[in-house]
Amino acid sequence: MTNFVLFGPPGSGKGTQSEKLIAQYGLIHLSTGDLLRKEIKNGTPLGKEAESLMQKGQLVPDEVVIGMIAGALDSNLNANGFLFDGFPRTVAQAKALDNLLTLKKTHIKAVLFLQVDEDELIARLVKRGETSGRADDADPAVQRKRQDVYKNETLPVADYYENFDKVQRIDGEGSIDEIFERLKSVVETV
Ligand code: ADP
């Protein structure tokens, strides 16, 4: 099993590149944002708890997302590997993921960290806000909050993986295909 984390700030292109990576390598895509939006759509208690936090640009509690990921790992026992997208978003989530993968006798091969300049991120998110239909994309104040949460809570996750020498920085600017080519060359050499 070969597992990767796709890492980067909101707007760095994780969702777009995930689709291409899973198609290319037969990985299972585990996006906590997508899983949470599904819970909201289905009106589950978990979805109700998550919804107001997401609308404010805040994180959903660690134990909630860790529980979702644990469930997803258990329902895909024969997977080739997983691509984690939008998870882990805190150091506590990263440690919990390591424990879950150790129990399954596997590990994270590399953290693919998309590097995008802050002005470019804001421009992309404004554009996405016009089309995605996501309330947390449309409001500039919520976008700023999400960037703050990223810097304070999520960026330390890169330092955590740095300790294990797992971080691969990839230029996340350019065309979708250019960025994908860069990702492929890292995935195929790590
Ligand atoms: P983006 O790709 O724009 O960064 P996501 O779709 O990954 O956004 O996540 C949307 C929202 O869902 C986040 O702002 C947060 O409220 C919640 N969320 C997603 N993943 C996690 C996570 N791993 N931990 C806590 N909250 C999360």
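Table for the structure above
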read-out	value
Residue within the stretch 7-15 that is surrounded by fewer than 20 Cβ atoms within 10 Å (Cβ to Cβ), under 13 Å from the mean Cα position of the chain (by Cα), modelled with pLDDT of 95 or more and more than 10 Å from the ligand (Cβ to nearest atom) present	no
Enumeration of residues in the stretch 25-55 that are farther than 15 Å from ASP85 by Cβ and within 8 Å of the ligand (Cβ to nearest atom)	ALA50, LEU53, MET54
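The values are calculated or read from the model by the stated rules, or taken from the named source; none is laboratory data. Keep in mind it's a predicted model, so treat the numbers as computed, not measured. Note: ideal-geometry Cβ built from the backbone for every residue, glycine included; neighbour counts use all protein chains shown.
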